[in-house]
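A.B. asks: Structure below; questions to follow.
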Amino acid sequence: MTFFERKIPDFLTDRKNTVSQILFTALFALVFINLYSPFGVNSWYNVTKPQLFFYSSLVILTGLLVIALSRIIMLQEVRRNPLTTRGYVVWIAMEIISMALVYVILRAIFISRIPDVLEAFRDSLKITSLVLLFPYTLTFLYFSWQEKNRKIEELTESGQVSKSVSPLMIPFSDYRGELRFSVKTEDLLYLEAADNYVIVHYMDGGKKAKYAIRNSLKKMEENLGDANLMRCHRSFIVNFDKVRIIRKESDGLVLELDIPEKISIPISGTYADEVMRLFSSFNGQ
């Protein structure tokens, strides 16, 4: 899975974060345009400072409506289909283009006639890109920091649970030891080795999802703690709470997971005895 094919973080589609991002972007745009007049915007529009403040307030209010409408559509869309990084980048690009077009139209209506529409659009595109991308980047970093702190708190709380109980959240770090992803024990399905990555398969809103982390399965296995996870194959670690059936096929034993989508995980001979021992202990409880 490439970077652009990955699902965007949930905090980018959180309703509260979305509202905060829109308001911060509008405030930033209003202050920035009036204080710094980027790219000589006051000379383009040939207006005084008070007129510029009125005009910028008008176009920013209109831009706020454009962004709000865009994000409402986006939030409705992600309920049906997860948004990838590529899709999110394209979405932002369309927001910038749409707002630039709106600004050109407003300039033509309220300021003056436009002799060169293409040049006016390029100018608006430059300003729009600046006043959107900078606050978008700042809010992304802030939301990411908030999310990281939230996960650390969850991991801290889960560390206080008795060792006889599976942790509430299972953390997964990359090869450098940096926390990349954590998931509830009850939602984790299995881990799968894929070249230099480990794919974490889990349930998200009743649908099977996955997350790729650059690490080795062996290194992850060493840090799994007391969760009911077991290595059953060179390429797989399974959450035994999700195992429904162990069955024998012509090429060996396989595990069948207890989810709507039929998934079979192979058991290699190296791990067969230990897997059967664990499965027997579950049945005896």
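Read the figures in this text as sums done on the coordinates, not as results from a lab. A quick note: this is a predicted structure, and the numbers were derived from the prediction, not measured. A quick note on method: Cβ atoms are made from the backbone with ideal geometry, for glycine too, and the neighbour counts reach across all protein chains shown.
A.B. asks: Using the basic label-point model (7 angstrom from Cα toward the beta carbon), what is the residue 80 to residue 204 distance in nanometres?
C.D. replies: Modelled inter-label distance: 1.8 nm.
A.B. asks: Moving to a separate point now. Under a Cβ-only charge scheme (Lys and Arg +1, Asp and Glu -1), can you give me the dipole magnitude of segment 176-232 about the Cα centre, in debye to the nearest 20?
C.D. replies: 180 debye
A.B. asks: Tell me, what is the Rg over Rh of segment 169-283, with Rh the Kirkwood radius over Cα pairs? Spell out each step's value before the answer.
C.D. replies: Values: Rg = 13.6 Å, Rh = 14.4 Å.
Ratio value, two decimals: 0.94.
A.B. asks: Per-residue counts of other Cβ atoms within 10 Å, averaged by peptide: what ranking do you get for 234-247, 66-79, highest first?
C.D. replies: 234-247, 66-79
A.B. asks: I've got another one for you. At 0.36 nm per residue, and after removing the present C-alpha to C-alpha distance, how many nm does the segment from residue 54 to residue 142 gain when stretched out fully?
C.D. replies: 28.6 nm
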